[in-house]
Amino acid sequence: MTNYYNKDLYKILNVNFDASMQEIKASYRRLVRTCHPDVTGNQTDIEKFKEIQEAYEILSDEEKRKKYDVLNGFYREKIKKNYTESKSKNIYEDVIKRAKENSTKSESFSHSINEALDNLFHTKKQKDIKQEKKPPINGEDIKLDVKISCFEALKGTSRKVNILHTEPCPNCEGRMFINGSICPMCNGTGQISSEKKINVKIPKGVTQGSKVRIKKEGNKGQYGGKDGDLYLIVNIEKNNYFEIVGMDIYCNLPVTPSEAALGADIPIKIMDETVTVKIPPKTSSGQKLKLAGLGLDNKSKTKKGDIIITVVIKIPKNLSEKEKELYTQLKEISNNDIRDEMNNGR
């Protein structure tokens, strides 16, 4: 269902974005009669019919339709259209009223209505001139949190984000009321909101809490002011094996008891590169090793980060009978008391 919020559902149902519920239902019934696979006899129409059903399921539900309209910009367009129609109607009625009041026996109604229209447009022109003199106001920046994995931080990635833009209502200019009544365009909120989806690139080498700036994707400026910017605040998710702290990569490296006891060269894959970690003999669990200069590369800094390895000795979950036999022999021949220091308080 989520994927359908990215499609033009009104186009699928052959209706306008401001169609009434009655028009939506009528169009759906008409499409069912003409596009149903049982009617057309063509089984390739199954996906198309499924699309029609999904579109109707969203648009016939008021809550789902409102969410869809907000996500795709239709909600804002509806408000503007309704406001424009309402305002035009009120202006026309006001002009007729003034013309009737001003017309006399010696003055025709047509002359009065022309005079009323002249006064209307003169007032509008004066208002526009007044607005042009207002000082520019820059749009506010928008900040969004975005989560990425540590490997995405290493090699770069992209994300699709939803941006909620807000701006002062152009009708009431953010005052919420006009002539003592709630503004019909913003319903008394003083703001108009719209949502926009964009794809953004997150460069490689970003660190926890770093900001990615996308110019002019913030809130719109007013009266010639500059548009704000969008800032993505990067949050790098932890996993069981890797973590990025600053320019360093921390890695919990599982090794077998034999590798820890005898030493080993263990290859590990970080991003698209393979790094070999040399485990010295007699390595204990929790011991740390450093691979200098193999961490993150930040061009603004002269020194690269490091890879910090923490050795974690792990027993394989599924031991073969032969392995169990060898562990038993090792237990029998070992004379080392690894808990001696603990038991003697040292």
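The values are calculated or read from the model by the stated rules, or taken from the named source; none is laboratory data. This one's a predicted model, so the numbers in the text were calculated from it and none came from an experiment. Virtual Cβ from ideal backbone geometry, glycine too; neighbours counted across all protein chains shown.
Does residue 230 satisfy the criteria of being in the same structural domain as residue 173 (by TED's automatic domain parsing) and among the aliphatic types (A, V, I, L, M)? So residue 230 passes the test.
Conditions tested, residue by residue: (1) at pLDDT 80 or above; (2) aliphatic (A, V, I, L, M); (3) more than 33 Å from the chain's Cα centre (by Cα).
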| position | (1), (2), (3) |
| --- | --- |
| 4 | no, no, no |
| 9 | yes, yes, no |
| 12 | yes, yes, no |
| 19 | yes, yes, no |
| 33 | yes, no, yes |
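Test residue 210 against the stated conditions and say whether it is within 18 Å of the chain's Cα centre (by Cα) and at pLDDT below 85. Against the criterion (within 18 Å of the chain's Cα centre (by Cα) and at pLDDT below 85), residue 210 does not qualify.
Scan the range 263-273 for residues that are under 38 Å from the mean Cα position of the chain (by Cα), free of Cβ contacts under 8 Å to residues at least 24 places away in the same chain and either crowded, with 16+ Cβ neighbours inside 10 Å or within 18 Å of residue 153 (Cβ to Cβ) (or both) and jot them down. Within the range 263-273, 268, 269, 273 qualify.
Screening the candidates 163, 178, 192 for the property of being surrounded by 13 or more Cβ atoms within 10 Å (Cβ to Cβ), in contact with a helix residue (DSSP H, G or I) (Cβ under 7 Å, 6 or more places away or on another chain) and of a type in the set (A, V, I, L, M, F, W, C) yields one hit, 192. You will find that of 302, 276, the residue that is at pLDDT 85 or above, of a type in the set (Val, Ile, Thr) and surrounded by fewer than 14 Cβ atoms within 10 Å (Cβ to Cβ) is 276 and no other.
Which residues, counting only those in the range 193-245, are out of contact with any Ser or Thr (no Cβ under 7 Å at 6 or more places or on another chain) and of a type in the set (A, V, I, L, M, F, W, C)? Within the range 193-245, 198, 206, 212, 214, 230, 232, 233, 236, 242, 245 qualify. Got at least one residue in the range 208-227 being touching a Lys or Arg at 6+ places or on another chain (Cβ under 7 Å), crowded, with 16+ Cβ neighbours inside 10 Å and touching a residue at least 24 places away in the same chain (Cβ under 8 Å)? So far as the range 208-227 goes, yes, one or more of its residues are touching a Lys or Arg at 6+ places or on another chain (Cβ under 7 Å), crowded, with 16+ Cβ neighbours inside 10 Å and touching a residue at least 24 places away in the same chain (Cβ under 8 Å).
To keep it simple, each residue is scored yes or no on (1) within 28 Å of residue 234 (Cα to Cα); (2) modelled with pLDDT of 85 or more; (3) touching a Gly at 6+ places or on another chain (Cβ under 6 Å); (4) acidic (Asp, Glu).
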{"site": "128", "(1), (2), (3), (4)": "no, no, no, yes"}
{"site": "149", "(1), (2), (3), (4)": "yes, yes, no, no"}
{"site": "161", "(1), (2), (3), (4)": "yes, yes, no, no"}
{"site": "166", "(1), (2), (3), (4)": "yes, no, no, no"}
{"site": "183", "(1), (2), (3), (4)": "no, no, no, no"}
{"site": "195", "(1), (2), (3), (4)": "yes, no, no, yes"}
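Given the structure, is residue 87 touching a strand residue (DSSP E or B) at 6+ places or on another chain (Cβ under 9 Å), assigned to a helix (DSSP H, G or I), modelled with pLDDT under 80 and not assigned by TED's automatic domain parsing to the domain that holds residue 185? When the stated conditions are applied, residue 87 does not pass them. Every test in (1) more than 14 Å from the chain's Cα centre (by Cα); (2) surrounded by fewer than 18 Cβ atoms within 10 Å (Cβ to Cβ); (3) touching a residue at least 12 places away in the same chain (Cβ under 8 Å) is passed by residue 199 save one, and that test is (1).
Against the conditions (1) within 22 Å of residue 229 (Cα to Cα); (2) at pLDDT 80 or above; (3) touching a Gly at 6+ places or on another chain (Cβ under 6 Å), residue 174 satisfies every one except (2). Would you mind finding the one in 290, 304 that is in a strand (DSSP E or B), farther than 30 Å from residue 167 by Cβ and free of Cβ contacts under 8 Å to residues at least 60 places away in the same chain? Criteria check complete, one pass: 290.
Hey, among 249, 333, 233, 313, which residue is modelled with pLDDT of 85 or more and touching a Phe, Trp or Tyr at 6+ places or on another chain (Cβ under 9 Å)?
Numbers: 333 fails: touching a Phe, Trp or Tyr at 6+ places or on another chain (Cβ under 9 Å); 233 fails: touching a Phe, Trp or Tyr at 6+ places or on another chain (Cβ under 9 Å); 313 fails: touching a Phe, Trp or Tyr at 6+ places or on another chain (Cβ under 9 Å).
Going through 249, 333, 233, 313 in turn, just one is modelled with pLDDT of 85 or more and touching a Phe, Trp or Tyr at 6+ places or on another chain (Cβ under 9 Å): 249.
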